[in-house]
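I have placed the structure first, in the form of structure tokens, so that the comments after it can refer back to it.
The values are calculated or read from the model by the stated rules, or taken from the named source; none is laboratory data. Note that the coordinates shown come from a computational prediction; the quantities given were computed from them, not determined experimentally. Because the Cβ atoms are built from the backbone with ideal geometry, glycine has one as well, and the counts that use them run over all protein chains shown. Accessible surface is based on the protein model in full, side chains and every heavy atom, while ligands, DNA and RNA are left aside. Shrake-Rupley method; radii C 1.70, N 1.55, O 1.52, S 1.80 Å.
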Amino acid sequence: QVQLVESGGGLVQAGGSLRLSCAASGSISSLNVMGWYRQAPGKQRELVAGITSGGSTNVADSVKDRFTISRDNAKNTVYLQMNSLKPEDTAVYYCNVEVKYYSRSPMNYWGKGTLVTVSS
């Protein structure tokens, strides 16, 4: 079983910065893609950024100039550095990881979410 522990969310003023962390633990052989999603009130969950095991990244157009995703494979941890935050970034941010197994299909795991609130 795999657990994801997220941290770093909170309240910040527009223009400020936050760094989200997500550490995976449990029965893990290796991690494939790790990423961050967010869900704002009344909206569908959307992909914010993802990063492969090799370090390739993709970031949503709405945040690509402001957010940076990274990972530490030794720590099974993915980060999301959020700069120049805007009120429209307010959402619950969810960590997602894909765990690779030797004898079964990969599985996705979700964190419980961390709330990011950006005041104007």
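Assorted remarks:
- Cross-link partners of Lys100 among lysines, defined as those whose alpha carbon lies under 30 angstrom from its own and excluding same-chain residues fewer than eight positions apart: Lys64, Lys75, Lys112.
- Note on Ser119: accessible area approximately 40 square angstrom, rounded to 10, probe 1.4 Å, nucleic acids and ligands left out.
- At 1.306 mPa s and 10 °C, Stokes D of region 1-63 from Kirkwood alpha-carbon radius, µm² per second: 115 µm²/s
- Taken about its Cα centre, region 1-117 carries a charge dipole of about 160 debye when Lys and Arg each add +1 at the Cβ and Asp and Glu each add -1 at the Cβ.
- Comparing Leu85, Leu31, Leu11 in a Gaussian network model of the chain (Cα springs below 10 Å), the most mobile by mean-square fluctuation is Leu11.
- With a cut-off of 13 Å between beta carbons, the residues surrounding Gly35 carry a summed charge of 0, where Lys and Arg count +1 and Asp and Glu -1.
- Where Glu88, Glu6 fall by accessible area, highest first, once all protein chains stay in place (1.4 Å): Glu88, Glu6
- For region 1-61 versus region 96-120, the gap between their alpha-carbon centres in whole angstrom: 7 Å
- Counted over all Cα-Cα pairs of the chain, pairs farther apart than 19 Å make up 43 percent.
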